[in-house]
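S.K.: Please find one structure pasted underneath; my questions will follow.
No lab work stands behind these numbers, since they all come straight from the coordinates. Not measured: the values here are computed from a predicted model. Glycine also receives a Cβ, built like all others from the backbone with ideal geometry; neighbour counts cover every protein chain displayed.
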Amino acid sequence: MGALIWLASYPKSGNTWMRSFLHNLFRNTEEPVDIDEISDFCLGESAAKWYQRHSDLPLKEMKADDLAKLRPLVHRDFTTVFPDSVFVKTHNYLGVWRGVPLHTMEVTAGGIYILRNPLDVVISVSHHFGETIEQAIEHLANDAYAAGNLETHVTEIHRSWSTHVKSWTEHPSPQLLVVRYEDLLHKPRKYFKKVANFLGLNPPSSRLERAIRNSSFKALKTIEQNKGFKERSKKAEAFFREGRSDQWREVLTPDQVRRIIRDHHEQMERFGYIPDDYRDAVPKQAEQSGVAG
């Protein structure tokens, strides 16, 4: 039996990229691993098939409280899939739903949390969920946000971007690595090596660099264009769309930028996401209390 290592993030923050990097690192093949094989390497916490095996009722007919009680059973099932570490993707915030923890710590070894500037996340969310930018801004600020259709995925509890980030990062732990999307993007060798070292690995430079190259945005986008990707939303033209940082400067209006900063300034400040030219968007009360600056 293995122990779970959570690969956690708010949606559209780099989780698939991280999973692809780890898959390529462990497989160590010359060519990039097919992205549709990621789910064989890293389990999906919300995949309905794992929950259905514990219920005679179709999941859509179950009460939310009863569905929530299946989570610890499913997480224990995960530990039987591989003999050592078991990677599990999750978009749930780190907390409780219907009185049941969304992550079962008794079978957990640790986790990696990937976060991304919400100014860019809001653009990716709008494309992925088929929303306008205004709707995506409300989406990120919705502290009651949940997703799932009960046919392919059970309910995921995302909450707001700020609540999600705070829940995973407010209590530092040696068992949890927090890494920014932007650091992986701009200094991949340094930060992906940090990921490998956190997992107790010390790969040769050639193997690390091959995994980085085979999981690059260019490689992933090419695979999706040639073969498709089963995780692509039906509302999106492509899963791998831009992959850049600071695209918000080309897409968002100044008013939209200020609104996002007002909604999320506390966590944005913690992770260096407030642009110098938008400091005026931080609420004065927050500045005076020392939250910002």
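S.K.: Give, in nm to one decimal, the length gained when the segment between Asn197 and Glu31 is fully stretched (0.36 nm per residue of separation minus the Cα-Cα distance).
M.R.: Gain on stretching Asn197 to Glu31: 57.4 nm.
S.K.: With +1 on each Lys and Arg Cβ and -1 on each Asp and Glu Cβ, how big is the dipole of the chain about its Cα centre, in debye rounded to the nearest 20?
M.R.: 560
S.K.: May I pose another question? What does the extension gain come out to for His171 and Gln285, with contour length at 0.36 nm per residue minus their alpha carbon separation?
M.R.: Contour length minus Cα-Cα distance gives 38.6 nm.
S.K.: Could I ask something else about it? Calculated FRET efficiency, Met105 and Thr253, Cβ-Cβ r, R0 35 Å, to nearest 0.05?
M.R.: After rounding to 0.05, the efficiency reads 0.25.
S.K.: Okay, moving on. How many nm separate the modelled label positions at Phe41 and Asp276, each set 7 Å beyond the Cα in the direction of the Cβ?
M.R.: 3.9
S.K.: To one decimal place, what orientation-averaged projected area in nm² is obtained for the convex hull of the Cα set of the range 94-197?
M.R.: 8.2
S.K.: Give me a comma-separated list of calculated 3J(HN,Hα) values for the range 117-128, in order, Karplus coefficients 6.51, -1.76, 1.60 applied at θ = phi - 60°, integers in Hz, x for any Gly or Pro.
M.R.: Values, residue by residue: 3, x, 5, 8, 4, 4, 6, 5, 4, 4, 6, 5 Hz.
S.K.: Percent of Cα-Cα pairs per 10 Å bin, from 0 to the last occupied bin, for the range 138-207, please list those.
M.R.: 17, 30, 31, 20, 2
S.K.: Still on this structure: Can you divide the C-alpha Rg of the chain by 2.2 N^0.38 Å and report the result to two decimal places?
M.R.: 1.00
S.K.: In vacuum, with every alpha carbon of the range 1-113 counted as one equal point scatterer, what does the Debye formula give for log10 I(q)/I(0) at q = 0.11, 0.24 Å⁻¹? Two decimals, please.
M.R.: Per q value, in the given order, log10 I(q)/I(0) is -0.37, -1.43.
S.K.: For the range 1-149, what is the charge dipole size about the Cα centre, in debye to the nearest 20, if Lys and Arg each add +1 at the Cβ and Asp and Glu each add -1 at the Cβ?
M.R.: The dipole of the range 1-149 has a size of about 400 debye.
S.K.: Could you give the nm distance between label points at Leu73 and Leu185, where each point is 7 Å from its Cα heading toward the beta carbon?
M.R.: About 4.2 nm, to one decimal.
S.K.: Work out from phi, with θ = phi - 60° and the Karplus expression 6.51 cos²θ - 1.76 cosθ + 1.60, the ³J(HN,Hα) of each residue of the range 56-68, listed in order in whole Hz, and give x for Gly and Pro.
M.R.: 7, 7, x, 4, 5, 9, 7, 6, 4, 4, 6, 5, 4
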